[in-house]
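*Asks:* Can you read through this structure? Questions will come right after.
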Amino acid sequence: MIREIDQEALKLILHASKSSHPAEFAGILRSEGEKITEVLFLAGTTSSESSALMRLDMLPVSSEACGSVHSHPSGVISPSEQDLFFFDRIGEIHIITGHPYNEDSWKAFDSKGHEITLTVVKGEDAHDFHDFYEEF
């Protein structure tokens with residue numbers, strides 16, 4: 001079961017979400033053991049202000065996918081009915097980010113849409129989380 005997210009992966013998620021705004025951002029989460037370590041960007045993904053569509057046929061066979069991530073530009077950080085349908089199709093954990101895309105504007109959910117807690121784990125060569133936002 002996934003319990004942690006690498007701080008660098010979370011930074012990437014928040015940066016990609018902010019860069020895509022006002023359109024949605026979407027990606028696939030990869031894990032090693034109990035920790036989310038990477039985000040896969042699938043070729044052919046399209047997005048708008050109200051949705052993001054990923055071509056799951058572009059997912060590498062050996063992807064170690066554990067779930068998905070996407071943004072809600074509206075700032076509402078809860079799964080929609082369409083999200084819940086998708087959550088049940090791929091992986092055990094799903095992250096939703098919302099505007100303004102900072103360390104307090106994301107949540108993780110299980111495949112049924114129940115909110116769960118992930119511990120942010122700082123890597124050996126990672127910078128302080130607050131330093132990241134000063135780069136914007």
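The values are calculated or read from the model by the stated rules, or taken from the named source; none is laboratory data. Keep in mind that this is a model prediction, so the values were computed, not measured. Here Cβ is always computed from backbone atoms with ideal geometry, including for glycine, and neighbour counts include all displayed protein chains. Accessible surface areas use protein heavy atoms only, side chains included; no ligands, DNA or RNA. Shrake-Rupley method; radii C 1.70, N 1.55, O 1.52, S 1.80 Å.
*Asks:* List every residue whose amide H lies under 5 Å from the amide H of Glu24, counting only residues 5 or more places away in sequence or on a different chain, with H placed 1.01 Å from N in the peptide plane.
*Replies:* The answer is Ser48, Glu49, Ser50, Ser51.
*Asks:* Which order do you get for His21, His70 if you rank them by accessible area with a 1.4 Å probe, largest at the top?
*Replies:* His21, His70
*Asks:* So how do 100-109, 76-85 stack up, highest first, on mean other-Cβ count within 10 Å?
*Replies:* 100-109, 76-85
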